[in-house]
Every structure is written in C-alpha cells, then in structure tokens.
Number of protein chains: 2
Amino acid sequence: MTEKLSGACLIGQSGGPTSVLNASALGCIEAALASDHITKVYGAAHGIKGVLNDRIYDMTLEDPAELAFMKYTPSSVLGTCRYKLRDFLVDDTDYKRILDIFTKYDIRYFFYNGGNDSMDTCSKISAYLLQHGYECRVMGIPKTIDNDLANTDHCPGYGSAAKYIATSCMEIYRDAKVYDTGSITVLEIMGRNAGWLTAASALASYKGMGPDLIYLPELPFDLADFIADVTRLYEKNGDVLVAVSEGIKDKDGTYVSAYFNDLSKGTDAFGHARMGGLASSLAGFANTKIDAKVRGIEFSLIQRCAAHLASGTDIEEAYLAGKAALLAALEGATDKMVAFKRAPGKDYECLTKLVDLADVANLEKKVPREWINESGNGMLQPFIDYALPLIQGETGLVKEDGLPRFANLKKIMTRER
Amino acid sequence: MTEKLSGACLIGQSGGPTSVLNASALGCIEAALASDHITKVYGAAHGIKGVLNDRIYDMTLEDPAELAFMKYTPSSVLGTCRYKLRDFLVDDTDYKRILDIFTKYDIRYFFYNGGNDSMDTCSKISAYLLQHGYECRVMGIPKTIDNDLANTDHCPGYGSAAKYIATSCMEIYRDAKVYDTGSITVLEIMGRNAGWLTAASALASYKGMGPDLIYLPELPFDLADFIADVTRLYEKNGDVLVAVSEGIKDKDGTYVSAYFNDLSKGTDAFGHARMGGLASSLAGFANTKIDAKVRGIEFSLIQRCAAHLASGTDIEEAYLAGKAALLAALEGATDKMVAFKRAPGKDYECLTKLVDLADVANLEKKVPREWINESGNGMLQPFIDYALPLIQGETGLVKEDGLPRFANLKKIMTRER
C-alpha cells in the first residue's frame, strides 16, 4: 500500500460549521495542489450531496492567494450537508452514483471533513469502493465544536468555540455585576450529549470571571438542586452566573428544556407553539423561587462561527489535520481518520495519528466524571489543564474597513466549464 | 470662569455598561492625576448611589499601570446605577446629601459618565450646587451603545457595539448559508426607541454578507409586509437573514414583541409565563406562513460588553471624551457635556465640543428617515458613510492564557482607610 496512486482528489465538508472547517480544507487542498500525483483538486458542493448531484467545484481554478483566506474564514466555503447514507447492503443506489461520479472524475483520493456521522459516511464509502475494486483512498478529517469524537485527544473546531465561550463568559460576568441590585444570569451553551463546550465556561471561572455554577449533560440535572445551588450563592454573593448545556436531562432522561415547552399550553397570540429557550426558561423558573433580576442568554450559533475570536492553536491544528490526511493518503493510508494526541512532557504539543474510521464512526466521547466536581455543578483542574492549551493564540484574520476579510472563491463548477 | 479651582475630583459611571465606559473614566482619571489643581481623585461606587451612600473609592491609591488596563476593560470598574433624581424643588433630600458628601471630600470637579438620564442627573446637581453657592464644576461624559444622545455626532460605546454587530452578522451570514436546504434567520438587536444598533447590521450587508432585511423602530412595523418581504426573498434566494430592533412597534404604537407574549396563554409546565424572544417569535411566525427552517438569534447583552471586538476608534474617542471633560472643567467649564463633531473634509476626524447639559438631558436622537430605504426595510449609503469610520481599528486588549487581561483594581473605599 505504499505505491503512489495518481488521480484526482475530492474534498467534502459536512455537518455543522465551525470557525476552522475551512482551515482543514485548505490544509488538504494546498497539499494536494503541491503533489505531483494528484491530477486535479475538486471540492464537493454541500458534501456528499454534491457528489450525488454532480455539483463539483474545480479548486485548481482558484487563485492560491484567495484560497489562503480560507484559513480564517468561518463556516464552510464549499457548503455542508446532513445526509446519512443507508447501509449499501440494504440500498446501494447512492453508492452506485458515488462510484459513477468518482469514475467520471477519476477521483482516487477522497477526504471528508466532519463529525462522527461523517466518519460513518466515509467508512461506508470506503467499504463499498473496496468491494467494487475501485482504488480510492478515503480519509476522514475530524471537525466538531462538540469535541465528542472518540479516539482523538480533541477535535478541530472545539478550541475556537471554547475560546469564544470563555471570553464571552468573562465579558458577561463583568456586565452582569455592573449594578448593585443583584442578578441571576443563565447562559445556554451548545452540546446535546457531551458537555465539552459548556465546560469551557470554566476557563472563565479559572480567571475569576466566570460562571458560579456549571451543569453538563453528562450528569442528571435536578431542578430542586439547581434552585438550592442558586439560592445559596445568591444569598452569599448577590449575583449568580450559571452555565447550562442545552442538552441537560433529568434522572429519567427527559430533556429539561422539555419541561418548559408544554406545547399544549404555550402558544402565542397566533396559536403558534412558542419554543422558549432553556436559558430564559430556567432563569424565569428561578425567578418564581428567588426574587431577583433574572436573565437568560443563549450563545446560539454565534459560538460556532465567531472566526474573529478563533483560537490560533485550533486554526493551525485544523490546517495540520487536513494536510496530514492528504500526506497520509499519498503514502497509502485509507479508511482512516486523522486524530490528535499530545506529545509526552509538560509543554503542550499536538501530534497527529491515524485511527480506523470504524473506531470513530457513530461513537461519542463524553467529559470524564472525574473532571467534574462532586456536586456536579463545576469543573475541576484536570479539565482546565486539558482545555487551556487549546484556546491559546489569536487568529490571523485580516480586517478590511474594520470588518473581516473572508475568502471569496470563484467556485467554478466542473459542469460549467 | 477661567481661574483654576483647587479641590478633589469625583467620577461616577451610570446606566447600561459598554465596552468603552472605562476608557472614558480612564481619560478623565489620568488627566486628573496629572493636574496640579486636583488634590484627590475619587470614584463613586455605582454612580450617584455611591455618593448618596458615601461609598467612594480613592483612585489615587491605584497603581497607574493597573489603571491603564481600564482602557480595554468592558462594563464598569466602579459599578453603575439606574437612579433618577427627583426635582429638587419637590424633594431636595438627595441633593442635601450630595452637597454634604461633596463638602466632606471637597469635591470641586464632578464628572458623570452616562446617557441622557445621566445628563439629567448631572444638570440637576449642577443647578442645585449653583443655587447653594457651592463651587463645583459639573461635567457630563457621553456614553451609550444606543447612540441616541442629542447634539453629538455619535456616542462613545456605539462604535464598538456596531463593530460587534456587523462582524457577528457577517459570521452568522456565513453560517446560515452552509446547508443547501434554505433557512430564515431573524436577529434581534438592542435599541428600544432608536435603531442605530440595528442599522449597524447594514455594515455587514455593505460587505455583501449581512441581513437582507433590516427593520428599525423609527418606522412602523407591519407583520404582513414583513411576511411579504421574507417570502419574496426566500423564493428568490432560498435564504433570508433579517435584523430587527427589539423595539419595533406597529402603526398603533404596540410593541411587536407584545404580540407574542400573551400572558394569559403562554405558560410553561410550572404555570410561569414564558417571555419568548422577539427573534424566535418572529421566526416562528414566519414559519407558520413559509415552510422553511427558521431560527431566532438574540444578540443579548453580549453586544454591549464584547470588549474583545471593541472598535479602536471608539476606545480612543471614549478616552478623549473623558480627558476633554477634565481639561474643560479645569479651564472653567461647568454644566456641559463633551460632545463629538466631525472635522470638515473627506477624511474622518473626530473633534470635541461642549454642549449644555440641558440640551442633551432626556432627549433622544433617532436615525434620520432619509438614511432608511423607501420600503423601510434597509439602510442607504449615507448611513454607511456615517457609521463605517466609527468601527475602524482594533482594541489593544492584552491576552493572558489566550483570554482577556482586564483591569483588576484595588478599589479602596475612603471610609476603609
């Protein structure tokens, strides 16, 4: 498996966007453009859907200087999708189509950049192509702000979201304490099943300017405990800042957000069900028990696309992951995902390794119980030690007129030529 | 009025925080510390409430190097308040107390940093002290993200909030377009009566990555027109990004947010009224008419305290306003607010001027009708020309461990010494 394979390369982006998804694509594309064995560099419009629909961009036609702006451009320049391939033993329609398109463009290198669903897509395509004797090296490039991929120390995208969350928490902490009248502020942070993002708020607490209470979905949430925690701190400090994961559930597995979304009752003047945000619902509920000024704040999707505050470390590692995938594929690797490990020693250094796609697909990595305090409402030092290196360094984003200068690609379709 | 007056100086911060409120305080404090005529530099804890409660910090005891961090520290290091003084002809209790405290500390220079309510406070105190023969120079320093103060070109705080809003709009624009499935995203931006902040989203549109529709509170909002606008653009582009001011009202003067907060109907499982955000309510309402993925995003108070993305221009101008207030008072000015005007000529240059407090107190400046397009759903070039210079330049905020290094003052109370 070490012979050099000649042919075209295709990269697709998949799933929820991040601040550094394009940095990974750039790492892969720039390494591909530099390789003598890669005849063409293509990008799929909206991930695997672009393959199925024959919507393929010719990245060779882009100006390399403009491509370079991708490193600091958030979201996805190619477009992503949420499309789950069926098992090809059940229905191979999509796979036949993929093989046709790969054959049409002589695609011998396929890179898919996404989360665990995308690694599943990758793994299935790899197996199908192998079974049909079509030689193609299929590689996964990790990406998710949720940081929940298995068998990797962390995921590109997480450090930038964590930096945004920690910084915003510090700023909100300053803001929330401005009056002498007391307040309870609840912050809602992304992460349905894994609490990595919510835990990142503890980096602000580590600086003395963060949430007093942090609730992750890893542990059952109890409303009575929550009220007791908030009451105790409000009486002591006159101010409480709380961070909750959007995905907190009670001991019966019911989403806490569902408590507040009784669709049979809550409708607006037009009869349309109102889906209250968890943060404002919890803040409102606290207000029924504690007479204080309350506020709910949802970080919403800004937390995943705030490229202006991306972590320099995250950007470089994301780029590295894309480049490492390309270089490993050139060397013969296939059916693997590039993963991260830390170099031994005190100082943080991130190294890449290759893991089997099957060992990542559809798995979820949670925050270890021993990194959460005993009461289940705060983070411990091992988490800080883990996360702090990931948010170091600033973005190289260029500003024009005081605003971000993002990549502006031509995105020429192969069909249009 | 040009003789040098010797005595102590007191500065208070008031109202909602901004990213540059502390920059103004620093401009004033540093100039005061440098003056031979100012014997002491005090800061009031929580504005005028600190005066009334004799909670006064001795700023002379702070390390100047630590004070310097105030320039890039958001919110208010002294604390603010929302406290409206009564007319002293009706009830002079508070005024007597203020005169006692001013006499106790020999305060001959008083600076109040806030919005139009604070200028009202300033104006009343000035009149009372004058009437009682207590010589004190009373100066207002403007501050409000709302940019709604009269008789000034713009207000410190606005440029930074505008830069945050425009940048976030660009990032959300990139994020919202990531799938090929279409979406309608509604952004809710601060500003109850004046639309300056919501208009700032047009700076993103100017860069080709901003809201398609922008609704300010200056014009009556019509739900049917909104749906027609959104439908038309959704059918054309498959994606619609909308920015609305939190304060939009219909032609009868009813807040649109009130449409969606029918308290008799909307309750959660605990019977507590749910106050849905305007953004998600409007997005939800659009969804009853248009079959699309919808999302509401509230910029919430992050838009007023995101110091990491403050405008360098705004920071310098805020500092200048504080310094100019101190220098003007030393020269004999009183009962004035420092205001901004633009230097003549093509290139942007901000100059200060002095305006009577009475010409600012309790007044509101709206966005001119001629800067809004005819349909009332977008901004025109004169607004861009006005706002773009205000968001130029970056903050000098220092990072430690990848996170902001904010000012950490000793805040020693005069009483505690």
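Bear in mind that the values in this text are calculations on the coordinates, not laboratory data. On a predicted model such as this, the values are computed, not experimentally measured, just so you know. Here Cβ is always computed from backbone atoms with ideal geometry, including for glycine, and neighbour counts include all displayed protein chains.
General remarks:
- For A:Met379, the amide hydrogen comes within under 5 Å of the amide hydrogens of A:Asn373, counting only partners 5 or more places away or on other chains and with H modelled in the peptide plane.
- Ranked A:Asp175, A:Asp106, A:Asp92, B:Asp252, criterion: other C-beta atoms within 10 Å, fewest first: B:Asp252, A:Asp106, A:Asp92, A:Asp175
- Model label points for B:Glu66 and B:Thr288, set 7 angstrom from Cα along the Cα-to-Cβ axis, are 5.6 nm apart.
- Crossing angle, helix A:21-33 versus chain A [Cα axis fit, 0-90 degrees, rounded to tens]: 20
- Degrees separating the helix A:278-289 axis from the principal Cα axis of chain A, which is the longest one: 10
- For the residues of A:156-168, the average number of beta carbons from a partner chain within 10 Å of their own beta carbon is 2.
- Taking the C-alpha atoms of the stretch A:162-305, convex hull volume expressed per residue in Å³: 121
- Across the stretch B:186-191, coupling constants 3J(HN,Hα) worked out from phi with the 6.51/-1.76/1.60 Karplus curve, θ = phi - 60°, read 10, 9, 9, 10, 5, x Hz, and Gly and Pro carry x.
- Inter-copy label distances at B:Gly238 (7 Å, Cα→Cβ; nm, one decimal): 5.5
- Within 10 Å of the Cβ of each residue in B:72-85, the mean number of Cβ atoms contributed by other protein chains is 3.
- Normalised by 2.2 N^0.38 Å, with N the number of residues, the alpha-carbon radius of gyration of the stretch A:340-407 equals 1.62.
- Mean-position separation - Cα centroids, the stretch B:1-53 and the stretch B:363-417, in angstrom: 21
- Peptide B:176-185, shielding by other chains (average Cβ, 10 Å cutoff): 5
- Amide hydrogen neighbours beyond the local backbone of A:Arg137, cut-off 5 Å, H modeled: A:Tyr109, A:Phe110
- Relative contact order, percent, chain A [alpha-carbon distance under 8 Å, six or more residues apart]: 24
- Inter-copy separations for A:Thr103, label at 7 Å along Cα-Cβ, nm, ascending: 9.9
- Annotation: the residues B:Glu394, B:Glu30, sorted from fewest to most other C-beta atoms within 10 Å of their own C-beta, follow the order B:Glu394, B:Glu30.
- Taking Cα atoms only, the orientation of helix B:158-176 departs from the longest principal axis of chain B by about 20 degrees.
- Semi-axes of the equivalent ellipsoid of the protein assembly as shown are 50, 27, 27 Å, computed as sqrt(5λ) over the eigenvalues of the C-alpha gyration tensor in descending order.
- Computed extension gain for B:Arg415 through B:Asp225, at 0.36 nm per residue and net of the alpha carbon distance, reaches 62.4 nm.
- Computed over the stretch B:58-134: relative contact order in percent, which uses C-alpha pairs under 8 Å that are six or more apart: 31
- In sequence order, calculated HN-Hα J values of the stretch B:215-230 (Karplus, 6.51, -1.76, 1.60; Hz; x Gly/Pro): 10, 9, x, 5, 10, x, 9, 10, 4, 5, 5, 4, 4, 5, 4, 5
- Dividing the Cα radius of gyration of chain A by its Kirkwood radius returns 1.02 for Rg/Rh.
- Contact order normalised by residue count of the stretch B:1-147, Cα under 8 Å, 6+ apart, percent: 31
- Calculated label separations, B:Lys346, copies of the chain, 7 Å along the beta-carbon direction, nm: 5.8
- Vicinal HN-Hα couplings computed from phi for the stretch A:118-135 (Karplus, 6.51 cos²θ - 1.76 cosθ + 1.60; Hz; Gly/Pro x): 5, 5, 5, 4, 4, 4, 5, 4, 4, 5, 5, 4, 4, 4, 9, x, 9, 6
- Long-range HN-HN contacts of A:Lys293 with modeled amide H, under 5 Å: A:Ile184
- Ranking of B:Asp314, A:Asp87 by neighbouring Cβ atoms within 10 Å, starting from the fewest: A:Asp87, B:Asp314.
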